[in-house]
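Reviewing the structure listed below.
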Amino acid sequence: MRDAPKRRDALFYTLVGTCCLLAVLCVCLIASLVLLRRHLTPGGGGDHERPPPPLDRLTNLGDLMLGDAMATTTERGGGAVRPEWEADYRLPATTLPLHYDLLLHPDLEGGTFTGEVTIKVNVTQARRSLVVNCKLLEVLSTRLWRLDAGGGEVALKRAFEYPANEFWVAEVGDSAGLAPGTYSLKMEFSGKLTDKIVGFYRSVYVDPSSQERRYRLEVSIIHPGPSGESAHRYRLEVSIIHPGPSGESAHRYRLEGEVSDSPAPGLTTVEFRTSVPMVTYLTCFIVSDFQRLPPVNISQGFPFSVYSTPAQVNKTAYALELGSKVTEYYINYFNIPYPLPKLDMIAIPDFVSGAMEHWGLVTFRETLMLYDPNISSTANQQRVALVVAHELAHMWFGNLMTLKWWNDLWLNEGFATYMEYKGVDNAHPDWHVVGRLPLYEDIPRQRTYRFRQPVHAPELIWVNCVRYFIKRNGNSSLETGLNVRYVPCCQMDSFLVDELHPVMVLDAVLSSHPIVQSVGHPDEITELFDTISYNKAASIIRMLEDFMGADKFREGVSRFLNKFKFSNALTQDLYDELESSGPEALDITRVMDTWTRQMGFPVVTVTPQRGGVRELRQSRFLADPAALGDQQEGGYLWDIPVTYTTASSDKVHRAWLKSDMDSLKVEVSESESWVKFNHHQIGYYRVNYGSEDWRSLTGALLNNTLSLETPDRAHLLDDAFKLADSGLLDYKIALNLTGYLGNETEYIPWSVAATNFGFLRKMLSGTITYPKLRKYVRNLVEKAYQQVSWDIDPKGSNANKLLGVKILSLACEYGLPECLQEVSRRFSSWVSNPDRKPPPDLRTIIYHYGMFSTGGEDIWDKMWQMYMNETDAQERTKLLYGLASVPEPWLLHRYIEYAKDESNVRSQDFFTVLHFIASNPVGNPIVWDFIRSEWEYLTGRFTLNNRYLGRTIPHVCSSFANRFKLQEMETFFSLYPEAGAGTTARKQALEKVANNIKWLEQHRTTIDTWLTDATQGLV
């Protein structure tokens, strides 16, 4: 246990100002800023983002990070020598920054800023130049002093920008160069507060009470490129000059000193305390008129606060409560105190990424932190909880311990993604966001309990996290014995559908990449912030915890964080600490290397043998196994933790199918009616059975649905469809499996079914098979539709509310008449009386299907005006989605033009609008044409290094399934070959469309035949 640092070591501070103009100054100093992806708007989840490439001498504020420029020279063609600043994006370790002293002076009215930085640096190897990373700054002067060996100023030959590597180079005039020693580099700079949401930018928000437009100096968003030398930690001293006095909270524990009317009347100079050793992309400062509710005092002894614009402050109550609980949980779980004297969160109206883990001052989009039960849906609340928990996990994984270089990004993002589910599960155990196992390995089907209070049977109870059904046995008096019939655990386990299933789709293509891979160029680093580094890494960690055991895993994680606190770590460092805590026979490095250092994942094929024995073999799973052609697999093999259960017992059996084994044989009693592998889909692999085992599992689902637990039912559905898509399983088997859904009463399996039916709908919508699919799904969902209500109980369980929304959405999507009638009635009622809004959980359904079925120009204009008048960010997003659902093409064209105007749609939401329109079958070709015709506009506004631009292409093209569209894509990519951070996304898009074409050729006829038989006699 480590004591909390003294107050002087505080890191990030919030200045709550009283100035009339709002200035949010969120500066990533000295190095590049990496912002979180996972938690964004629909389709994304808030990623780290990088800014435009350098186009002139402007460099990025804060990207002032020291390195050496000419430790060696490099041969050019013809024998010429080129300086090192041309040869490498990285800053070498032989020039070590020790301390930064930074002064910033933003001018909100003028839209500019000035500043200066003094960097103390230790040069360990003689050289002729020093280099700092710089971007979006006009460097006004550069001076260098020797601090030891007699001191004195060092004459510079020149100081200049090398934009290709984002460097500012200070070359010394003395031919002897710089001797090893300690130096001080001082730079003065200025820059513009741009109107873009990258760099040091300025935007406005409207005070709803006064309708006053208020300036806001916004977040400095810098890329994780060469500027983001994550292995470098320093101490910082920062001063900020801002208008007006600081607020009371700044005086309490945030400041070292403050001077009013300095350097001029009406200005205040604030000096912050010296920071702890830290990576500089985590730095953040705020000068604002934002407000907070009373803070929560964490038991460790520091305040936890949440800020927002004044009009939204009441919407911070949930994040305040949830965040404080999660923080307490992490302190206890990691067994490491939070190292700073305060922890703040803030919701920012215009923010390029979903959220960012600035140490001590965490920044969020409003949609991902604010919660209003009268506006926010259940899904909104759960999303807020997970994003908040993710960012708070970074206070340990990413901030206290930081990766040495970006190839180990998963140490930050994978652990934060996995821990967010643990944090939320601790705060909301009734949500069941993660699966839980009972405390006993083998729970009998019948057991008698005695209760200490009357229990009125029949009813459901929970024992050891397992749901039981109580049947009366005698009377219900005290101490009466009750016969308990086992019902499988009612686990929502949203990790499966939100994290695991999506990434397994992406990881099954040739354009995927390993979790750990070598990177160097800024674009390569930016691309790492994807679902592999987040979702797959979290899924592998989930599997790791399962085969290590929860207690051993927790012990190893705590050891790792304690050993590398205020330091930097490699993947191997984690493995070493886990091995010290784990079972002696378990070689963590060997096992985990097979999952982190090669892309993809296996499919385990189960073949029945005599006497009930099952033989297991592994091979790489690919969405299109033929895509390799004549290429060799290259030995894709894994160490697989095999788990399985059987019909007669809930015991989880375990074994290892290792990479050096040809096969694994497990004994299963011949009397077992079924055996199911990969319990709860904790293993990151798919399972394919022989036809007889598939038949047994299908029969169990149809005849005794609850004999298989909720995550296992979802797993069987997803594996069956993905195996069928790849050609490894007859599509009839996957479709037969869906017949049980008439008995399904849980959200997760229905969510999996909806996703896979959605893929069929995309592929078949232009074929004669689609009406049959529509009829089949409509009939399948009708029974469930009768069991849910349009009047969703706001006090009901999250699982039931999410299930209700999913069923209503499916019923409308596949044309159930009574569903469409009801949604049209409710939509018309709302349009005619906008003050009577639908219940929060139903708004997305009503706005979407109502607009699609009854919308026109008049109604669209009314909804647009509602959007323009709305102040709540979550409600605005729902309205944007509804507006994208109109069936008239010309209105969708107009919508895009409206969205291009930043006074209508914030830049952070522009790609959200494009994604919404592209999801509309009418709008998809419109967005595709817009991207191709307006590519120069898009790259000029957002730059090639904007990953959200890159990701838009695979989103729009995901439903393309003919060679004409594939040729359009290839022509467009050849016309604009530079893709920047969208390079991998383009490869994925091309591979996806090629797979779609093959899918239609291989599967449409089989599916059509099956649906013809299944829909005979249906209306």
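The values are calculated or read from the model by the stated rules, or taken from the named source; none is laboratory data. Everything numeric here is computed off the predicted structure, so don't read it as measured data. Note that each Cβ is placed from the backbone with ideal geometry, even for glycine, and that neighbours are counted across all protein chains shown.
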Limited to the range 131-161, what total is found for residues that are of a type in the set (A, V, I, L, M, F, W, C), at pLDDT 90 or above and assigned to a strand (DSSP E or B)? 8
Just checking, which of Thr738, Thr767, Thr755, Thr745 is touching a Phe, Trp or Tyr at 6+ places or on another chain (Cβ under 9 Å), β-branched (Val, Ile, Thr) and surrounded by fewer than 19 Cβ atoms within 10 Å (Cβ to Cβ)? Thr755
Could we say that Lys342 is of a type in the set (D, E, K, R) and at pLDDT below 95 here? yes
Long-range neighbours under 6 Å by Cβ, at least six apart or interchain, first residue aliphatic (A, V, I, L, M) within the range 664-681, second in a loop (DSSP other than H, G, I, E, B): Val675/Val668
Filter the range 930-954 down to the residues that are part of a loop (DSSP other than H, G, I, E, B) and either in contact with a Pro (Cβ under 9 Å, 6 or more places away or on another chain) or modelled with pLDDT under 95 (or both) and list them by number. Thr943, Leu944, Asn945, Asn946
Return yes when Ala170 is assigned by TED's automatic domain parsing to the domain that holds Thr268, small (Gly, Ala, Ser) and surrounded by fewer than 21 Cβ atoms within 10 Å (Cβ to Cβ) and no when it is not. no
Which members of the range 954-998 meet the condition of being aromatic (Phe, Trp, Tyr) and buried (at least 20 other Cβ atoms within 10 Å of the Cβ)? Phe960
Inside the range 689-720, can you point out the residues that are surrounded by 22 or more Cβ atoms within 10 Å (Cβ to Cβ), of a type outside the set (A, V, I, L, M) and not in a helix (DSSP H, G or I)? Tyr689, Glu709
Can you find even one residue in the range 306-315 that is surrounded by 24 or more Cβ atoms within 10 Å (Cβ to Cβ) and among the aliphatic types (A, V, I, L, M)? yes
Scan the range 810-855 for residues that are without any contact (Cβ under 8 Å) to a residue 24 or more places away in the chain, loosely packed, with under 14 Cβ neighbours inside 10 Å and either within 14 Å of Ala884 (Cα to Cα) or of a type in the set (D, E, K, R) (or both) and jot them down. Asp835, Arg836
Condition check: surrounded by 15 or more Cβ atoms within 10 Å (Cβ to Cβ), more than 38 Å from the chain's Cα centre (by Cα), part of a strand (DSSP E or B) and assigned by TED's automatic domain parsing to the domain that holds His232. Does Leu102 satisfy that? no
Residues that are at pLDDT 95 or above and out of contact with any Cys (no Cβ under 8 Å at 6 or more places or on another chain): find the strands (runs of 3 or more DSSP E) completely inside the range 531-640 holding 3 or more of those. 602-608, 614-620
Taking into account only those residues within the range 721-734 that are among the aliphatic types (A, V, I, L, M) and not in a loop (DSSP other than H, G, I, E, B), which is surrounded by the fewest Cβ atoms within 10 Å (Cβ to Cβ)? Ile733
Unique residue being crowded, with 17+ Cβ neighbours inside 10 Å, at pLDDT below 95 and either part of a helix (DSSP H, G or I) or not charged (D, E, K, R) (or both) when the list is Ile807, Ile792: Ile792
I'm told Thr114 meets every condition in (1) at pLDDT 90 or above; (2) out of contact with any His (no Cβ under 8 Å at 6 or more places or on another chain); (3) among the polar types (S, T, N, Q) except one. Can you identify the failing condition by its number? (2)
Being over 26 Å from Cys957 (Cα atoms) and touching a Gly at 6+ places or on another chain (Cβ under 7 Å) is the filter here; which residues of the range 747-788 pass it? Arg778, Leu780, Lys783, Val788
Would you be able to tell me the number of residues in the range 984-1005 that are among the small types (Gly, Ala, Ser) and within 26 Å of the chain's Cα centre (by Cα)? 2
Considering the range 861-875 alone, what residues qualify as being farther than 17 Å from Leu842 by Cβ and in contact (Cβ under 8 Å) with a residue 12 or more places away in the chain? Lys862, Trp864, Tyr867, Met868, Thr871, Ala873
Restricting to the range 143-158, count the residues that are surrounded by 15 or more Cβ atoms within 10 Å (Cβ to Cβ) and more than 16 Å from Ala126 (Cα to Cα). 1
Quick one: Asp901 ticks every box in (1) in contact (Cβ under 8 Å) with a residue 24 or more places away in the chain; (2) under 28 Å from the mean Cα position of the chain (by Cα) except a single one, so which number is it? (1)
Return the only residue of Asp909, Asp858 being under 25 Å from Asp530 (Cα atoms), surrounded by fewer than 22 Cβ atoms within 10 Å (Cβ to Cβ) and acidic (Asp, Glu). Asp909
Return the residues of the range 312-327 that are out of contact with any Phe, Trp or Tyr (no Cβ under 9 Å at 6 or more places or on another chain) and either aliphatic (A, V, I, L, M) or closer than 25 Å to Arg273 by Cβ (or both); say none if nothing qualifies. Val326
Taking the range 767-789 and the residues there that are modelled with pLDDT of 95 or more and of a type in the set (Lys, Arg), the one that is nearest to Pro921 (Cα to Cα) would be Arg774
